[in-house]
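Just below is one structure, and these are the notes that go with it.
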Amino acid sequence: MTTAAMIPTHNRPDLLAACIAALAPQVSALLVVDNASDPPAQIPRQDGLSIIRHPDQPPNMPVMWRLGLNWAAELGATYLACVCDDVEVPAGWAQAVVSAMNATGAAAGSTHPATPVPYLIVKTAPDSDLWGRMCPAAFMLRVGAVVPDPAMAWWWCDSDLDWQARAAGGMVIAPGPVAINSQPNYWTMRRPELAAQAGADGETFAAKWPGGRPW
């Protein structure tokens, strides 16, 4: 059983370096997807680290997650961690989530988005619990269990994966250390086209799932 990870990144070299340093020791292989950084992103030269360039802008997160999942499948990995470049990944995070997914057979998992929980929380149906959802900035997927939907390019795509996972064996929130998103909504607040995309993605999500948007 192999756990791989991917980090999509754009123009944040210091945050990327810190994320790689924290996450790489926790997984068997790590892929950086450099989404049109200028200058191009750089990674340390060490076994298990690789980088690909994805030039498309504005960004489409599900397209990049698909690149990561295809890469992980070629490696024969069971799990793929998808972690944003501005996440502070604590020691033991990946193992905590993998252990929870192994124990429950979940298709996706994370630790809690905000505060550690003392026990496993398994979701098998959509709900309106905003703080009981899969952490959007750092989560784990069972390779082959879900398919990222590029129709939601920026927002709601993580919730779409969460809902897919709930229907495909469950989404689990693991007890363990929380992965902190240090700059939430950074690009959304700075790029009007991404703010507009976020609104459009909400409409797409609502049209796709019975019951519409949960929050």
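The values are calculated or read from the model by the stated rules, or taken from the named source; none is laboratory data. None of these values were measured; they are calculated from a predicted model. A quick note on method: Cβ atoms are made from the backbone with ideal geometry, for glycine too, and the neighbour counts reach across all protein chains shown. Heads up: the accessible areas ignore ligands, DNA and RNA and are worked out on the full protein's heavy atoms, side chains in. Shrake-Rupley method; radii C 1.70, N 1.55, O 1.52, S 1.80 Å.
Just to check your reading of the model, which residue among 66, 45, 53 is of a type in the set (Lys, Arg) and either touching a strand residue (DSSP E or B) at 6+ places or on another chain (Cβ under 6 Å) or open to solvent by less than 50 Å² (accessible area, probe 1.4 Å) (or both)?
When all the criteria are applied, what remains is 53.
Of everything in the range 46-69, what is among the acidic types (Asp, Glu) and either touching a residue at least 12 places away in the same chain (Cβ under 8 Å) or under 20 Å from residue 10 (Cβ atoms) (or both)? Give them in sequence order.
56
Residue by residue, here is whether (1) charged (D, E, K, R); (2) touching an Asp or Glu at 6+ places or on another chain (Cβ under 9 Å); (3) closer than 15 Å to residue 140 by Cα holds:
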{"residue": "8", "(1), (2), (3)": "no, yes, yes"}
{"residue": "21", "(1), (2), (3)": "no, no, no"}
{"residue": "24", "(1), (2), (3)": "no, no, yes"}
{"residue": "40", "(1), (2), (3)": "no, yes, no"}
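Might you check whether a residue that is farther than 17 Å from residue 71 by Cβ, among the small types (Gly, Ala, Ser) and surrounded by 14 or more Cβ atoms within 10 Å (Cβ to Cβ) occurs anywhere in the range 2-16?
no
Output the residue which, of all residues in the range 22-56 that are of a type in the set (D, E, K, R) and farther than 19 Å from residue 5 by Cα, is nearest to the chain's Cα centre (by Cα).
56
Filtering the range 26-40 down to residues that are of a type outside the set (Gly, Ala, Ser) and in contact (Cβ under 8 Å) with a residue 40 or more places away in the chain, which residue is most open to solvent (accessible area, probe 1.4 Å)?
26
Keeping to the range 139-179, report how many residues are small (Gly, Ala, Ser), more than 14 Å from residue 82 (Cβ to Cβ) and out of contact with any helix residue (DSSP H, G or I) (no Cβ under 9 Å at 6 or more places or on another chain).
The total comes to 2.
Given the conditions (1) part of a loop (DSSP other than H, G, I, E, B); (2) more than 15 Å from the chain's Cα centre (by Cα), and given that residue 59 satisfies all but one, which numbered condition is not satisfied?
Tallying (1) part of a loop (DSSP other than H, G, I, E, B); (2) more than 15 Å from the chain's Cα centre (by Cα), residue 59 fails exactly one: (2).
Any idea how many residues of the range 165-184 are part of a helix (DSSP H, G or I) and open to solvent by 40 Å² or more (accessible area, probe 1.4 Å)?
Of the residues in that region, 1 qualify.
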